[in-house]
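S.K.: Sending over a structure as structure tokens; questions will come in a sec.
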Amino acid sequence: MLNYKNIRMKKFLIASTIAAVAFASVAGAQGYAFSTNLTVGSTGPDVVALQTWLIANGFSIPSIASGAAAKGYFGAQTKAAVQKYQAAKGIPSTGFVGPLTRGALNAGGTAYVPGTTVATCPLGFVCTPVAGTTPTPTTPGSINTPGLAGSLAISLQSTPSNGTSVDKGQTADVVRYKLQAGDSDMAVQSIALDFNNRFWLYASSVSLKDESGNVIATKSNLSQNDFTEITVGTQYRLRIPVSYVVARGATHYVTVTVSMLPVTDRSSATVSVTRAEVRSVDGTGVTDTQIDTNTRSFSFTGSNNGQVVITVDAASPLQRLVQISTSAETNDVVLGVIDVKSQNKSGTLRSVSFTVRTTGASGGGGPAASTIFTDVKIKAGNLTYSADSVASTTVFTNMQIPLAADQYVPLTILAKVAKDTSNVFDGVSASTTLVAAGTAGGTTNIPSVEDATFNTIAVNSGTFVTSDATFSASSAVLSNLTATLGAPIVSNNTTVGYPVSFSFTVTAGDNTLFIPSGLQVTAASALVATSSSGSATTTLTDITANPGTIAGDTSTSTTSTNGYFVVPAGSSRQFTLNGSINNTNGTSGLKTFQITAVRYGTVSTSLVANSINYNLTPLKVTPTF
């Protein structure tokens with residue numbers, strides 16, 4: 001039997017009989033954690049435990065006491081007993097076992113076990129063991145400081161800071177507390193949070209995580225029954241049962257994570273946690289309650305407040321080569337695909353602006369957008385709108401593109417490219433950038449989205465850039481570029497060369513292409529090459545094509561000066577050139593050999609009229625001599 005002496009009296013025990021009654025009155029629910037709300041009609045082990053505790057502590061349930069009814073059903077007599085208990089504890093006497101009542105039960109002592117004697121400290125007292133007795137801890141969790149009194153301090157931390165933004169359907173960390181134990185291990189039984197609104201209308205769950213990110217407690221499927229209304233409209237308390245031990249002298253951090261409802265009709269609001277309360281038990285079995293009244297707030301974007309969200313669509317083309325015509329305009333070149341969403345409410349897209357950026361073939365400034373494009377359009381579903389005018393900032397107004405709530409709508413930017421009669425657009429690139437919210441081209445609120453009452457919906461700021469489209473009027477595309485360096489060729493213990501293989505695919509556009517078959521790297525051959533050191537030479541002794549020899553090919557001898565391979569219009573052929581790289585002056589170091597262009601003609605009598613030099617960077621090798 002554990003004996004105690006009182007060290008801080010709030011009340012006086014007049015006689016041993018009174019003490020016995022006090023001890024009996026607190027032989028409560030500790031050891032059986034009530035985590036489920038109970039009311040008339042409830043059944044199961046929680047009800048059995050509740051009825052056992054009530055009867056053992058003097059709250060009569062006549063039908064069970066007389067044997068007329070078995071435990072396990074929450075009826076009218078159980079409700080009456082709960083109401084008496086609530087009145088004794090200063091809890092609203094509703095007869096409903098909700099968070100406040102469960103918290104009182106869970107903090108009220110060890111569970112009643114018939115035929116046993118429970119020893120603990122009476123409520124309202126702080127006790128220590130009498131010297132010479134053997135203390136027996138009665139707290140949940142791993143308490144390794146039996147008989148030691150302690151406390152658990154709670155304090156708000158600076159991060160997450162005020163103003164964290166949480167949208168519906170999102171999960172976010174909103175507040176963090178430090179828990180610091182004193183002279184005893186402290187078994188945390190519950191953490192209560194006060195919210196400044198009816199938070200169950202906004203969130204589906206509230207979780208508590210430790211500093212390692214482990215979830216130590218969660219309240220899911222939040223409803224009104226999980227909250228106690230402290231002040232109507234402004235203070236609602238959520239108590240979360242916890243089984244978590246903070247060791248003596250240790251410090252832990254607990255983060256509050258909220259998961260907002262994916263669908264809610266609530267307006268945007270500032271949600272505040274105005275109070276945090278931690279209840280814990282020390283090594284003597286005494287409950288310690290500590291409170292932090294600092295406020296932490298976060299913003300919630302609700303259904304009644306829209307927001308325009310914009311991003312690049314996954315189908316927006318990546319960097320690419322676009323064939324254009326020298327004799328006619330090229331229609332419907334896709335410059336990019338942008339997704340627009342009217343979040344939380346439906347809207348109508350009225351206007352949008354894009355900056356069209358161009359660069360020249362050498363990387364400098366390219367021709368003006370109005371020179372390259374004769375028209376720029378936006379297509380959304382079955383709706384197509386032309387730009388007010390084509391310029392460096394291209395503005396679209398007077399649009400009526402419907403945006404259903406919370407659904408991305410792809411906007412495809414289409415350009416009509418002018419005919420390139422003089423090949424001035426070869427190698428010119430263009431990309432588009434969405435003009436951020438603000439004023440551009442004389443139009444405000446870009447993009448402008450209106451709701452059903454013609455109010456402008458706020459735009460989520462950001463910059464969105466589509467990938468480059470590089471134009472070529474030469475009707476040829478180079479792809480599948482590879483360069484392979486073989487094992488070194490060694491003579492007299494010195495590396496004198498390397499086998500090398502170059503491979504690429506040529507695709508013809510509107511015209512049949514003629515690729516010279518002579519392999520010496522000269523101005524008249526198929527390849528133009530550079531050597532960074534000037535002392536590495538290449539000898540290409542073999543060329544193969546896939547498909548092999550086809551109708552139209554002439555002499556493909558490696559020494560031929562006028563032979564050629566044919567690439568019919570609209571088809572592709574892969575070419576592989578094998579040879580070696582040699583170090584002619586015997587100097588050491590890296591030697592880079594790079595093919596910088598592939599030459600071809602559009603008629604057989606002008607084999608070197610054109611060359612492809614787009615994206616040939618991968619076609620190089622760097623041996624070490």
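Nothing in this text is a laboratory measurement; each read-out follows from the coordinates by a stated rule. Note that the coordinates shown come from a computational prediction; the quantities given were computed from them, not determined experimentally. Quick reminder, even Gly has a Cβ in these numbers, built from the backbone with ideal geometry, and neighbours come from all protein chains shown.
S.K.: Give the lysines whose C-alpha is closer than 28 Å to that of Lys591, dropping any in the same chain fewer than 8 places away, or say none.
M.R.: Straight-distance partners of Lys591: Lys620.
S.K.: Starting from the range 154-249, pick out the chymotrypsin sites (Phe, Trp or Tyr not before Pro) whose DSSP state is loop and whose Cβ has at most 13 other Cβ atoms within 10 Å.
M.R.: In loop regions of the range 154-249 (DSSP not H, G, I, E or B), there are no sparsely surrounded chymotrypsin sites (Phe, Trp or Tyr not before Pro).
S.K.: Among the lysines, which have Cα under 23 Å from the Cα of Lys71 when same-chain residues fewer than 8 positions away are ignored?
M.R.: List returned: Lys79, Lys84.
S.K.: Distance cut-off 31 Å, Cα to Cα: go down the list Lys345/Lys377; Lys178/Lys345; Lys341/Lys419 and report the pairs above it.
M.R.: Lys178/Lys345; Lys341/Lys419
S.K.: Neighbouring Cβ atoms within 10 Å as the yardstick, rank Thr624, Thr358 fewest first.
M.R.: Thr624, Thr358
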